Every structure is written in C-alpha cells, then in structure tokens.
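Heads up, the thing below is written out as structure tokens.
The values are calculated or read from the model by the stated rules, or taken from the named source; none is laboratory data. Keep in mind that what you see is a predicted model, and the values were worked out from it rather than measured. Note that each Cβ is placed from the backbone with ideal geometry, even for glycine, and that neighbours are counted across all protein chains shown. Surface accessibility is based on the protein's heavy atoms, side chains included, excluding ligands, DNA and RNA. Shrake-Rupley method; radii C 1.70, N 1.55, O 1.52, S 1.80 Å.
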Amino acid sequence: MWLTTERARLRLAKEKRLFSASSAGEIPICLVYPNRYPVGMANLGFQAAYKILAQDPRCRCERAFLPDPDEALVLRRTATAWASLENQRPLLDFELLAFSLSFETDYLHILNILAAAHIPLLAREREEHHPLVIAGGPATFLNPEPVADFIDLFLIGEGEEMIPEFLERYAQVRTSKLSRKDKLITLSDIEGAYLPLLFTPHYDEQGRVARVDYRGTGTPTVRRRLVKNLDVYPTTSQILTPETVFGDMYLVEASRGCEWGCRFCAAGFMYRPVRYRSTESLKQSVAEGLQERSTIGLIGAEMASQPGIAAVCEFIGQAGGRASPSSLKADVITQDLAHALGVQHNRSVTIAPEAGSERMRRIINKNLTEPEILRAAEWLVGSGVQSLKLYFMVGLPTETLEDVEGIADLTAKIHSKFCESKAKVGDVTLSVNAFSPKPWTPLQWEPMAEIPRLREKLAGLRKRLACLPRVTVDTESPREAYYQTLLSRGDRRTSQVLLEMHRNGGDWWSVIQRLRRTAKTWTTPSPQHPIASTLNPDFFVHRRYGSEEIFPWDFIDHSVSKQYLWVEWRKALLERQTPPCDVTTCHSCEAC
Ligand code: SF4
C-alpha cells in the first residue's frame with residue numbers, strides 16, 4: 001500500500017486549504033467524488049459540499065476519489081480496501097459515505113469505488129455495520145433512478161440548503177436503537193430526501209413505466225430544494241492544488257440557472273428560477289481569489305447575462321488579474337465586456353451558438369441571430385481576444401444537412417473576423433457534441449440520433465472546415481453521447497446494466513453492443529431471464545418517449561410543470577421561440 005499512502009501524502013502536501021475545518025466532531029463522514037483526484041478537485045460543487053461538512057462541528061469529514069489505475073491494480077493484488085485521502089481510513093469504517101454526483105458518466109465509478117472499498121454494491125445487500133451510502137449533486141436532481149439500486153438515500157437539492165438539516169436529523173438517529181432500514185426511513189422525512197426502497201416502479205408490456213407504488217407516509221413526490229439568496233453562500237475554490245484540470249485558476253460561482261430557456265439545456269430548467277449573485281458579493285469573492293491566483297474563473301451557465309459582469313471583469317483587470325468567464329451568449333456581450341476581456345489578453349473566450357442555422361436556433365430557443373453572433377465575434381477579436389471557442393451540437397431534432405452545413409458557414413464567417421482585423425490571426429476551436437436529450441427539458445421526449453448518422457455529419461463538418469487555417473474541430477464521440485443518454489433517461493432497470501458493465505471490467509461499450517444485438521424487446525425479469533440480458537438500451541436512447549408517458553423522474557417536483565415543458569416542445573417543432581425569463585412578472589412555468 002506504499003503507493004497509495006505516498007500519493008495521498010504528496011497530494012495533501014501540495015494543497016492549500018482556505019478555511020479551517022473542524023476535526024473534533026463525532027460523525028465520521030467521507031465525501032466521495034466518483035472520478036480521479038484532479039477532476040474532483042476542479043469541481044466547485046464538491047469543494048462547496050466539503051467545506052460545509054468539514055466546518056460542521058458534528059462531523060469529522062474526509063475525502064475520497066476514484067483510485068488511479070495503478071492504485072486500483074495494487075488494491076486488487078493485495079486485497080486491500082480503498083481508503084480516504086486524509087487519514088487513509090478504509091471507507092468501510094465511516095458511518096456515512098456521501099457521493100457528489102455531477103455527471104452521469106461517473107455512475108460506473110460509484111460501483112468501482114464501492115467494490116474497491118469492499119462494500120456491497122447493491123443497497124439491499126448492505127448490513128447493519130456498513131456505512132450509509134448517500135448521494136446528491138446535479139445529476140441526481142435530474143434523474144437518480146439509474147443508480148437507485150446502489151444508493152441508500154438521495155438528497156435532491158442544493159447542499160447549502162439540505163446538508164445541515166440532514167446532519168441535524170442524522171445526529172439524532174445515529175446512536176438510536178433503530179435498525180439501518182428504520183434510520184433511513186426516519187431520514188427520508190427530510191424534504192428533498194429520496195429513499196428508493198419506498199418506491200417500486202412497475203412496467204407495462206412495452207417496457208414503459210406503468211405506475212410507481214409508494215410505501216412511505218405523505219405524498220410520493222420529492223421536492224428538490226434550492227437556495228433562495230446565493231449571496232449568503234459564496235461558492236469559491238476552497239482548496240487550491242496544482243493538480244486539478246483547471247490548473248492555476250481560482251473559481252468563483254456567479255450564478256445558478258439561466259434565464260434563456262434553451263430547450264436542450266438541463267441547467268436552464270432544473271435550477272429555476274435563475275439566481276445571480278450581486279456584483280458586490282462577486283467583487284468580494286474575486287478580491288479574495290486574487291490574493292491566491294491571477295486568473296479568476298467565473299462560473300455560471302451563461303455569463304454574459306450576469307448583472308454587472310463587465311464591471312467585475314474590469315475590476316479583475318485593474319487588480320492585475322485576468323477574468324475567464326465560462327460560456328457567453330453572443331447577443332448579450334456588450335462592448336464594455338468585450339473590451340474588459342480583450343485588454344486582459346484573454347487567450348480564449350467561449351461563445352455558444354449551439355446551432356449553425358437560424359431555423360435550428362429557433363427550434364432550440366437560442367434567441368440568437370447570425371448578425372448578433374458576428375457582431376460579438378468582431379468586438380471580441382477587435383478588443384484583442386486571441387482565440388474563440390465555439391460550442392455546437394449535431395443531431396438536434398428535425399436537423400437537416402443544411403443545418404449542419406450552417407455550422408461550417410457560420411464558422412467561416414467568424415474566422416473571417418480574425419482575417420479582417422488588424423490583430424494577428426487567432427485560433428477558432430469548435431467543440432461539437434451530439435445532442436443528448438436530458439430529463440426536465442422540453443426536448444426530453446426526443447430520441448438521440450443514430451450513431452452512424454452522427455458520424456457522417458461530424459466527418460462532413462471536419463472535411464468542410466479542413467481548408468480554413470487555424471480552425472480546429474473537437475468532437476465528442478457519439479458513443480459517449482449514447483452512454484450519457486442511457487444514463488440520463490434510464491430507469492431503475494439501468495442499474496442492472498451498470499452492474500453488467502462493472503462485471504465486464506468497465507468496458508461499457510461492449511456491454512451496450514451485446515445488449516443491442518441480443519435484446520430486441522423488453523421482457524419481464526425472471527431468474528431465467530436476468531434483466532440485463534433482455535433490456536435493449538436503445539429503448540432509453542433512440543426512442544421518442546410518448547407524450548402521455550410516465551417518466552422515471554416524474555416523482556421529483558422541480559416546480560417547473562411537465563405541461564409547460566410539453567408546450568415548449570411543441571413550440572420547438574413549430575420553430576417558435578419563447579422570450580427569456582422575467583422573474584418579476586412571469587409565472588408561466590410555475591417556478592416563480
Ligand atoms: S416562471 Fe417565468 S420567469 Fe420564472 S422561471 Fe418560469 S419561465 Fe422563468
């Protein structure tokens with residue numbers, strides 16, 4: 001075990017913690033990020049949850065991550081159980097294991113970590129002495145069902161709102177004589193808690209959810225919880241380390257949600273109503289960050305709409321730093337903002353047209369025209385920004401070849417803004433992803449496009465753009481998008497598919513291929529026909545869900561009505577746009 005202990009020691013030595021933690025609490029809890037250390041440490045949600053737990057006087061909180069490949073090998077060879085980063089304490093010895101889940105594609109890692117920790121993968125097989133395995137994070141807000149067999153209890157809502165209440169209740173039950181199951185039932189009383197063992201889904205002969213039996217008290221609805229005033233909880237980098245995917249950046253969360261309602265985007269619906277931090281609060285966080293790092297990453301679903309963003313970027317520049325906002329919506333970029341970013345010699349700014357044609361941008365409700373995109377590119381390039389990153393998608397509903405060609409045409413026009421400017425010709429990088437339908441969005445009913453079709457479109461795009469100098473096309477593999485869609489739109493039965501992938505050494509694509517070949521129809525599970533060998537994953541990925549269908553995630557109350565999402569879907573197909581949120585007067589989706 002020398003390898004893992006030494007690596008943990010080196011990592012801890014390189015960290016700088018910006019808050020003081022309590023170490024005297026009675027509740028041993030391990031916060032787990034289901035990916036490797038550099039990925040987890042770049043996640044603001046994980047860092048925020050860690051600070052809340054580590055500062056709570058009731059807790060003794062440590063962290064754990066997915067073992068690195070060489071560590072996993074050592075653990076297997078020596079039959080040693082995986083342990084926490086801080087004290088190398090086996091995960092099995094904690095009372096609580098809390099998974100922070102941001103991305104569906106990390107789900108398989110939950111199984112790897114539990115197996116490495118010698119903890120039964122299935123919640124129903126755990127015994128009294130095992131830790132309670134809880135989970136929260138954005139992926140669980142959308143649809144926790146694909147991992148419901150592995151998690152004892154979910155906390156569906158923002159951590160600042162839920163974690164203190166959970167700890168309060170847990171502190172009351174932990175030393176009681178209640179059984180593990182009764183403790184979980186008591187904890188499930190917390191608003192936003194979801195205890196899968198109280199919910200049993202049933203399926204019809206076509207494999208769709210027919211009904212969900214609920215055995216708890218109260219209503220079978222779980223209301224996801226949000227913080228009202230973000231200024232009360234500044235969310236910034238709390239532990240600095242050179243070993244993160246964001247390198248030397250200090251991260252400041254500026255907002256949650258988005259006012260624009262792009263119809264493919266989960267963040268625009270799951271966090272409604274949008275909440276922005278005040279300029280004063282942002283400047284305060286930025287000033288603290290500039291004590292530590294010169295580059296400030298401003299994080300939000302869409303940063304150009306953030307009130308006071310140009311002033312915050314100027315403030316960073318005047319202090320000798322550099323602002324690095326996440327994606328900007330082109331039509332709300334002002335000349336002041338472009339100037340503030342340009343004078344700081346920003347290497348790269350990201351704008352997200354998402355689609356190449358006006359028609360497709362109307363379908364996805366981008367509320368963005370080509371002249372607006374070109375004007376933003378001109379301002380950014382003219383003010384000194386050295387390169388632009390552009391986000392696009394292919395495989396959107398009703399997409400034609402002309403829509404895909406539109407991506408290449410628009411890129412060529414943006415590229416020409418560099419050529420026209422006196423500045424040195426910069427880079428244009430396209431990041432092109434396949435559309436993956438997400439729960440709680442108006443496009444949740446739509447199927448993902450077939451993989452061969454997506455490949456053709458991506459290849460065509462690369463070919464069209466190959467002649468433009470300094471234009472790079474980065475594409476996500478359509479297989480990854482398939483995997484992501486399966487885990488986004490799956491139901492409780494998807495847990496069995498994950499189990500099969502885990503048994504197959506993590507080779508998820510060969511399991512998907514086998515299931516697609518052998519499982520033509522869904523059949524009722526039985527000992528003779530284990531569900532993982534009869535469930536075709538295309539059912540969740542390539543099927544248009546019925547307009548009356550019960551979704552696996554319908555039990556969550558996001559405040560946004562399903563009827564509103566349905567109307568938005570119909571408007572998409574009619575190419576009609578919806579204006580951005582006006583939280584002062586509007587009640588249309590019912591979130592305000
Ligand atoms: S009620 Fe209106 S303003 Fe509020 S989140 Fe819904 S659409 Fe946006």
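Observations on the structure shown:
- Among (1) open to solvent by less than 30 Å² (accessible area, probe 1.4 Å); (2) among the acidic types (D, E); (3) not in a helix (DSSP H, G or I), the one test that E128 misses: (1)
- Among the candidates V583, V567, V560, residue that is open to solvent by 50 Å² or more (accessible area, probe 1.4 Å) and closer than 30 Å to A193 by Cβ: V583
- Any hit, region 460-482, residues being open to solvent by 10 Å² or more (accessible area, probe 1.4 Å), touching a strand residue (DSSP E or B) at 6+ places or on another chain (Cβ under 7 Å), on the phi > 0 side of the Ramachandran plot and at pLDDT below 95: yes
- Counting only strands (runs of 3 or more DSSP E) that sit wholly inside region 183-292, those with at least 2 residues that are in contact with a helix residue (DSSP H, G or I) (Cβ under 8 Å, 6 or more places away or on another chain) are 249-253.
- Of all residues in region 241-254 being within 13 Å of G40 (Cβ to Cβ) and open to solvent by 10 Å² or more (accessible area, probe 1.4 Å), the one that is farthest from the ligand (Cβ to nearest atom): E243
- Region 560-589: number of residues that are more than 6 Å from the ligand (Cβ to nearest atom) and farther than 18 Å from G546 by Cα: 10
- Residues that are at pLDDT 95 or above, under 20 Å from E292 (Cα atoms) and assigned to a loop (DSSP other than H, G, I, E, B) do occur in region 10-17.
- Residue match in region 177-195 (condition: within 25 Å of the chain's Cα centre (by Cα), under 29 Å from N112 (Cβ atoms) and open to solvent by 20 Å² or more (accessible area, probe 1.4 Å)): yes
- Odd one out for S324 among (1) more than 21 Å from I364 (Cβ to Cβ); (2) hydroxyl-bearing (S, T, Y); (3) surrounded by fewer than 22 Cβ atoms within 10 Å (Cβ to Cβ): (3)
- Selection of region 328-350 for residues being in a loop (DSSP other than H, G, I, E, B), of a type outside the set (K, R) and buried (at least 20 other Cβ atoms within 10 Å of the Cβ) yields I333, Q344, N346.
- Breaking point among (1) within 21 Å of the chain's Cα centre (by Cα); (2) of a type in the set (S, T, Y); (3) away from the ligand (no atom under 16 Å from the Cβ); (4) open to solvent by 40 Å² or more (accessible area, probe 1.4 Å), for S294: (1)
- Of all residues in region 201-222, none are within 16 Å of the ligand (Cβ to nearest atom) and open to solvent by less than 50 Å² (accessible area, probe 1.4 Å).
- Search result, residues across region 536-559 that are more than 9 Å from the ligand (Cβ to nearest atom) and either in a helix (DSSP H, G or I) or closer than 18 Å to G257 by Cα (or both): D538, F539, F540, V541, I556, D557, H558
- Within region 255-269, the residues that satisfy the criterion of being more than 8 Å from the ligand (Cβ to nearest atom) and open to solvent by 10 Å² or more (accessible area, probe 1.4 Å) are R256, C258, W260, C262, F264, C265, A266, A267.
- Any hit, region 272-289, residues being under 21 Å from the mean Cα position of the chain (by Cα) and away from the ligand (no atom under 16 Å from the Cβ): yes
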